[in-house]
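Remarks on the structure that follows.
The values are calculated or read from the model by the stated rules, or taken from the named source; none is laboratory data. Please read all numbers here as calculations on a predicted model, not as lab measurements. Positions of Cβ are generated from backbone atoms using ideal geometry, with glycine treated the same way; all protein chains shown enter the neighbour counts.
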Amino acid sequence: MLAPNAAYRGLAGALARAPAALRVFTAAEKATKGAAFGCRMCGQCTLPVTGYACPETCPKQLRNGPCGGVGADGSCEVFPDLRCVWVIACERAEREGQAADLLVLQRPVDHRRSGQSAWVSYWRGDDETLLPPPQAGNVAEGPR
Amino acid sequence: MSVGVGLRARLASGAFAVTAEIGPPRGADPEALRRKVAPLAGCVDAVNITDNAGAHVRMASWAGSLVVAQAGAEPVMQLTCRDRNRLALQSDLLAASAVGIPNVLLMTGDHPKFGDHPDAKPVFDLDSVQLLWAARMMRDEGRLLSGRALSTRPAWLIGAVENPFAPPAGFRAARLAKKADAGAEFVQTQFVFDVPAFARWMAELSDLGIPERCRILAGVGPVRSLRALDHMRTSVPGLHIPGEVDRRLRAVPADQVAAEGLRICTEIIERLREIPGVSGVHIMAPGYEHGIPGILDRAGLAVPRDGEPGPQASGGFRGAAPPGQHWPQASGAQGGRPAGPARPAAPTLGSAGAH
């Protein structure tokens, strides 16, 4: 739905040139993804390859899979009332036939991007971690 | 330390490896650490030094590793992502190699919530897979995460941890595969009490061809009392104790629990040695380090660890590892299992210089 096309690239280019419009767009992205996924606006969205379970909502912000402390019932070790983000991600990815997505090595987060629009970065092609091409094996390119 | 001794040589030779684990003191006195290490020197291949285990402040693992080395044992320095950002992690890794620490074990770390400073800021700037990746790049490519070149490359063996028993069960083998892809050359696991579940995980790993690239050391340890049992059941995240083990420990008189715990531990080690692809055991016995030689004796693993070959691991690996390469290939099929699909080569770091 959000895959880059000419219209999105044009929109992103226009937003990048118009700071006020970019602020409005970024606020809208924050509100939308915040309500739907608990988005923390890290600026480097992994949702498409983590079954739309946000790894930033993990208390350890783990991007490459679950820690070893997941409860037998799939609960988070830090907040036992919550289900482990990665248990949810694995369930969804398996259901959707996207389990291979979880094998991608995710680069460390670039903290300079915190608060920025991940969608604009994605459409402008300056965030290679957002959606690694499925043909690239199970290995993303190196950390940025 | 002469050639042929130590964890790297043990794992390359295919002999069954034994590591143990000790926690540094909550204090500035190295003597407590020396006392804990003394019975282990010469009877295990390496000794892990924990890094603020359970998010409780202790003497730093690099300093503990030096004390252990001075006491005659080979250290494995544990390093967690909980307390350091990527700058500190990389500088500590360089420091470890500079002072001669031959092995590092890279892990995410327990959340501060469970420790003695629950008010601390959790860092988790990198996750364990990213840290393994950074370490491998530092050693094999001589570069930092930023892409900047190192004047001298570090030389440690890179280890990881895994819990085969925690959900999502279907992802645990794949998760270790990610760690092996990132750079892990050996892994130590959470306590194994459920041997059939561990064997299923090992079979998945063998299908993925992991034991040839990343040696598997199974975590074991004796339950010394019912209080310890309850603590492990309720307070150790991700630990699974099957009902059979629980029943055996509760069925004996109170003064027999420790002995029964040792029997169970010994039996588990013996069963683990039969599982294809298991390269060794990692013994965790906090407060009972002095009993580890006895456990090894009962399990038939009390061989001199001064370069003499010990009992062969189930995988039957032969020869020495070429420098900077994967472990030597198995001499035959791994316990009759197919080699499994080829895995992609370890990741390269492409645009790392783009910062």
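Results, tabulated for the structure shown:
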| quantity | calculated |
| --- | --- |
| Residue that is crowded, with 17+ Cβ neighbours inside 10 Å and either at pLDDT 95 or above or over 19 Å from the mean Cα position of the chain (by Cα) (or both), where the choices are B:Val47, B:Val99, B:Val57 | B:Val47 |
| Residue within segment B:9-22 that is part of a loop (DSSP other than H, G, I, E, B), modelled with pLDDT of 95 or more and out of contact with any His (no Cβ under 9 Å at 6 or more places or on another chain) present | yes |
| Residue in segment A:83-93 that is in a strand (DSSP E or B) and either more than 9 Å from every other protein chain (Cβ to nearest Cβ) or in contact (Cβ under 8 Å) with a residue 40 or more places away in the chain (or both) present | yes |
| Failed item, numbered, when B:Arg263 is tested on (1) modelled with pLDDT under 95; (2) within 26 Å of B:Gly42 (Cβ to Cβ) | (1) |
| Candidates B:Gln90, B:Gln78 - the one that is more than 28 Å from B:Gly280 (Cα to Cα) and within 14 Å of chain A (Cβ to nearest Cβ) | B:Gln90 |
| Hits in segment B:219-263 - residues which are part of a loop (DSSP other than H, G, I, E, B) and either within 14 Å of chain A (Cβ to nearest Cβ) or under 25 Å from B:Gly280 (Cα atoms) (or both) | B:Gly221, B:Pro222, B:Val223, B:Arg224, B:Val236, B:Pro237, B:Gly238, B:Leu239, B:His240, B:Ile241, B:Pro242 |
| Given (1) within 13 Å of chain B (Cβ to nearest Cβ); (2) in contact (Cβ under 8 Å) with a residue 40 or more places away in the chain; (3) at negative phi, index of the condition A:Gln61 fails | (3) |
| Test for B:Asp92: is it without any contact (Cβ under 8 Å) to a residue 60 or more places away in the chain, among the acidic types (Asp, Glu) and touching a strand residue (DSSP E or B) at 6+ places or on another chain (Cβ under 9 Å) | yes |
| Residue satisfying all of: in segment B:102-155; of a type in the set (Asp, Glu) and surrounded by fewer than 20 Cβ atoms within 10 Å (Cβ to Cβ); farthest from the other protein chains (Cβ to nearest Cβ) among these | B:Asp116 |
| Checklist (1) buried (at least 22 other Cβ atoms within 10 Å of the Cβ); (2) within 11 Å of another protein chain (Cβ to nearest Cβ); (3) in contact (Cβ under 8 Å) with a residue 12 or more places away in the chain; (4) in a loop (DSSP other than H, G, I, E, B) applied to A:Gly69, failing item | (3) |
| Counted residues, segment A:102-119 - those being outside any loop (DSSP other than H, G, I, E, B) and either at the interface with chain B (Cβ under 9 Å from one of its Cβ atoms) or under 12 Å from the mean Cα position of the chain (by Cα) (or both) | 5 |
| Residue in segment B:206-261 that is farthest from B:Val195 (Cα to Cα), counting only those that are in contact (Cβ under 8 Å) with a residue 12 or more places away in the chain and among the basic types (Lys, Arg) | B:Arg213 |
| Those residues of segment B:9-33 which are acidic (Asp, Glu) and under 16 Å from the mean Cα position of the chain (by Cα), in sequence order | B:Glu21 |
| Complete set of residues in segment A:37-60 that are assigned to a loop (DSSP other than H, G, I, E, B), of a type in the set (D, E, K, R) and closer than 16 Å to A:Gly115 by Cβ | A:Arg40 |
| Count - residues of segment B:156-175 that are aromatic (Phe, Trp, Tyr), within 14 Å of another protein chain (Cβ to nearest Cβ) and in a loop (DSSP other than H, G, I, E, B) | 1 |
| Some residue of segment A:17-25 being small (Gly, Ala, Ser) and within 17 Å of A:Arg113 (Cβ to Cβ) | no |
| Segment B:183-199 - residue that is over 16 Å from the mean Cα position of the chain (by Cα) and in contact (Cβ under 8 Å) with a residue 12 or more places away in the chain and, of those, nearest to B:Val236 (Cα to Cα) | B:Phe193 |
| Residues of segment A:72-87 that turn out to be more than 22 Å from B:Ala197 (Cα to Cα) and buried (at least 19 other Cβ atoms within 10 Å of the Cβ), as a count | 2 |
